[in-house]
Each structure stands twice: as C-alpha cells, then as structure tokens.
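Participant: There's a structure below that I have some questions on.
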Amino acid sequence: MTPPSKLAMVPFVSVANMMRLVHHVGLPVFLAELTQAVTDDFKRWPAFDKTPRVPAHSPGGVIELMPTADDTLYGFKYVNGHPKNMAEGLQTVTAFGLLADMASGYPLLLSEMTLLTALRTAATSAMATRALARPDARTMAMIGNGAQSEFQIIALQAVCGITDVRLFDVDPAATAKVMANLRDTGLNLTACTSAQDAVLGADVITTATADKRNQQVLTDNMVGAGVHINAIGGDCPGKTELHRDIVARADMFVEFPDQTRIEGELQQMPLDHPYTELWQVLTGQAPGRSRPDQITLFDGVGFAIEDFSALRYVYDRASGTDYVENLDFIADPDDPRDLFGMLARAA
C-alpha cells in the first residue's frame, strides 16, 4: 500500500503539547503575544467573512460552530457550553479548532481549543482593557472565579500592568483555588465575601459567570466613575450579568454587533442603543476612552476572529517543532479521480 502523502498528514496540537508550548513560551509572554495577534487581526476587521456563531441549544447547554475566513486562511471552532457539567465532574466548556488553506481547502492545523479558548478570551479582554481602561488602572475585581479567571488575571497583569486583584465567587472554594494558583505571581490577592466588596477601589471589573440566566452580578450602585468593565459571561440568548442601568450609562464597545445583539448585555437594550465596534477604536476610526471619569463597557461574547487569531498564532509558533504531531487525516489518492481505487488497493 502506498504510504500517505504529505498533504494527507495534518499537523495536530494535542492538549499535552499545547501545555508544553505554553510553558516553553511562558504564560505571560504567550498571553501578551496572543493579545497582539488578536489586535493585529481586529485592525484588519473588514478583510474577514463574518457571521454570528451557529448554535444548537438543548436544555443542558449549547454546542456552537464559529467560522471565519480571510483571503488566505479559513478557521473554525467547535465549542460547547454546559454549566450543569461541573456538578457531574465535567468541564463547562470544551473545544477544538481547525485552520485551513483557502486556496486548496486542505487543513493546515487541527488543535485542541479548550485551553486555547481560555487563553484567547483572556487575550481579548486584555486587548479591550488596554484600549479602554484608564492608563493608571492597577486594581482589578474578578467576579466569577471559575476556569477562565486565572487566565483573565494573568493577561491583565502581563498586558495592562494590573498589580492588585480582588476576588469573589458564590462558591468560596473557587476563590480559594484562584488564591492558591496565583500565589507566586507577584500579585496582591484579596478574597472578598461579596461582589460589592470585590469592586471597592477597582479600576477594572471583569465578570465571568457561567449561569445561563439573566443575572445582576453588578448593580448600578456598585460601579463608580472611571471604571472599565469586561462583561465576558454573556455567551447565549437570555444570559446577562449587569443591571440594565449600568449598561444604559456606560459607553459600550462590542465585537460583532449582530452576535452581541443576540448574546451580550446589548440584548437588554433597545435597538437604537449606541455602541462602538472595538476594531474601530483599535484602528483609530472611533474614540475609546475620552475622559478619566467615563465608564467603559466591553460587552465581550467571544467572536470567531479571536479563534482564528489564536489558531494562526499557534500555527506560526508550533510549525516545524515537536509541539505538533502529524495525523493521517485527509484521504489523498495518487490519482485524485480514483478514491475508490485507493480504498480497493488497501484491502
């Protein structure tokens, strides 16, 4: 039997190799470089095909496909969100993704994206915070101390210079986990007993809760002048984290409005509620923060271009190294017209 051709072999980054790659680069450096990769792609936003993610909802959660492409590369991510999983000893979110060559359609990279999604989400928050928070912001409140929280904190430390973190979760064990995981990072960590306690003195507030209901993790009286908010828990219809009055008085910045309108804090608001697309701020086409006392809100629901950036970054970082293994993944007969003959000769 003829061995698989080079085109049949697709580079694959496993969970184990993703962890090795992150440790090789160093987590803060990885997050800083990934933040820049996402920023670079946001700055060429019009070059991408864009569509809201394609969901399949069930009583227990949602499974989604997130595709996008530019002229040369195509990327998609498969991702789920099932909050009930934690009670069953399973993760709330799992994911994998693929990067392909637009010219031939052949895959270039298959990768785990459970870890990579956490990394790219943190990088996106860091990008938004760098663009929208006050330059002297040093104290962060992290509300929701689940699987995403440590990545969010380290990204803002590496990219934005955060030094102090105030933590709150309805489950004290989750906060204790973060305190233990980040004890050697040089950050000043404070475990708080309520969300209201956590936001005291915070320059940046990040909410990352998993409950798929309309919530009021933050109420209007908890948000003072000059604060930047990363509301990143919204990822499906009917799930919000902020009281409507906060959204009404903040200046809102979004990724892809067609998706944010369905899934983000924006779904609470009338159709004429003003917002600015974040890519326009990054390219200088629209203002970001214009006053020290301004409240800025990044209504981050996660968009496919961020996954594309993450896959592209990993492809560039890992190609030609032992962080990838080749999978016999694509049927590639010697004669492209003779797929049957390839099968028959394998008997």
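The values are calculated or read from the model by the stated rules, or taken from the named source; none is laboratory data. Just so we're clear, the structure is a prediction, and the values are computed from it rather than from any experiment. Glycine gets a Cβ as well: all are built from the backbone with ideal geometry, and neighbour counts include every protein chain shown.
Participant: Could you say which residue among 231, 208, 225, 176 is touching a residue at least 24 places away in the same chain (Cβ under 8 Å), over 21 Å from the mean Cα position of the chain (by Cα) and in the same structural domain as residue 141 (by TED's automatic domain parsing)?
Facilitator: The match here is 225.
Participant: Restricting attention to the range 34-54, does a residue exist that is exposed (fewer than 13 other Cβ atoms within 10 Å of the Cβ), over 30 Å from residue 277 (Cβ atoms) and of a type outside the set (Val, Ile, Thr)?
Facilitator: no
Participant: Identify the residue in the range 311-347 that is small (Gly, Ala, Ser) and surrounded by fewer than 10 Cβ atoms within 10 Å (Cβ to Cβ) and, among all such residues, is nearest to residue 100 (Cα to Cα).
Facilitator: Ranking the qualifying residues of the range 311-347, first place goes to 320.
Participant: Still on this structure, I have one more. If I filter the range 306-325 for residues that are in contact with a strand residue (DSSP E or B) (Cβ under 8 Å, 6 or more places away or on another chain), outside any helix (DSSP H, G or I) and within 21 Å of residue 78 (Cα to Cα), do I get at least one hit?
Facilitator: Yes; the residues of the range 306-325 include at least one that is in contact with a strand residue (DSSP E or B) (Cβ under 8 Å, 6 or more places away or on another chain), outside any helix (DSSP H, G or I) and within 21 Å of residue 78 (Cα to Cα).
Yes/no per residue for (1) of a type in the set (A, V, I, L, M, F, W, C); (2) outside any helix (DSSP H, G or I); (3) surrounded by fewer than 19 Cβ atoms within 10 Å (Cβ to Cβ); (4) not assigned by TED's automatic domain parsing to the domain that holds residue 93:
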{"position": "245", "(1), (2), (3), (4)": "no, no, yes, yes"}
{"position": "266", "(1), (2), (3), (4)": "yes, no, no, yes"}
{"position": "284", "(1), (2), (3), (4)": "no, yes, yes, yes"}
{"position": "298", "(1), (2), (3), (4)": "yes, yes, no, yes"}
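Participant: Which of the helices (runs of 4 or more DSSP H) found entirely inside the range 125-215 contain at least 1 residues meeting this: crowded, with 24+ Cβ neighbours inside 10 Å and touching a helix residue (DSSP H, G or I) at 6+ places or on another chain (Cβ under 7 Å)?
Facilitator: 149-160
Participant: Then there is this: Just wondering, is there one or more residues in the range 67-88 that are crowded, with 16+ Cβ neighbours inside 10 Å and over 27 Å from residue 257 (Cβ atoms)?
Facilitator: Scanning the range 67-88, I find at least one residue that is crowded, with 16+ Cβ neighbours inside 10 Å and over 27 Å from residue 257 (Cβ atoms), so the answer is yes.
Participant: In addition: Only one residue in 13, 38 is under 18 Å from the mean Cα position of the chain (by Cα), more than 17 Å from residue 72 (Cβ to Cβ) and either among the β-branched types (Val, Ile, Thr) or not assigned by TED's automatic domain parsing to the domain that holds residue 96 (or both). Which one?
Facilitator: The unique qualifying residue is 38.
Participant: Scan the strands (runs of 3 or more DSSP E) fully inside the range 67-120 and keep the ones with 3 or more residues being aliphatic (A, V, I, L, M) and either touching a helix residue (DSSP H, G or I) at 6+ places or on another chain (Cβ under 9 Å) or without any contact (Cβ under 8 Å) to a residue 40 or more places away in the chain (or both).
Facilitator: Counting at least 3 such residues, we get 95-101.
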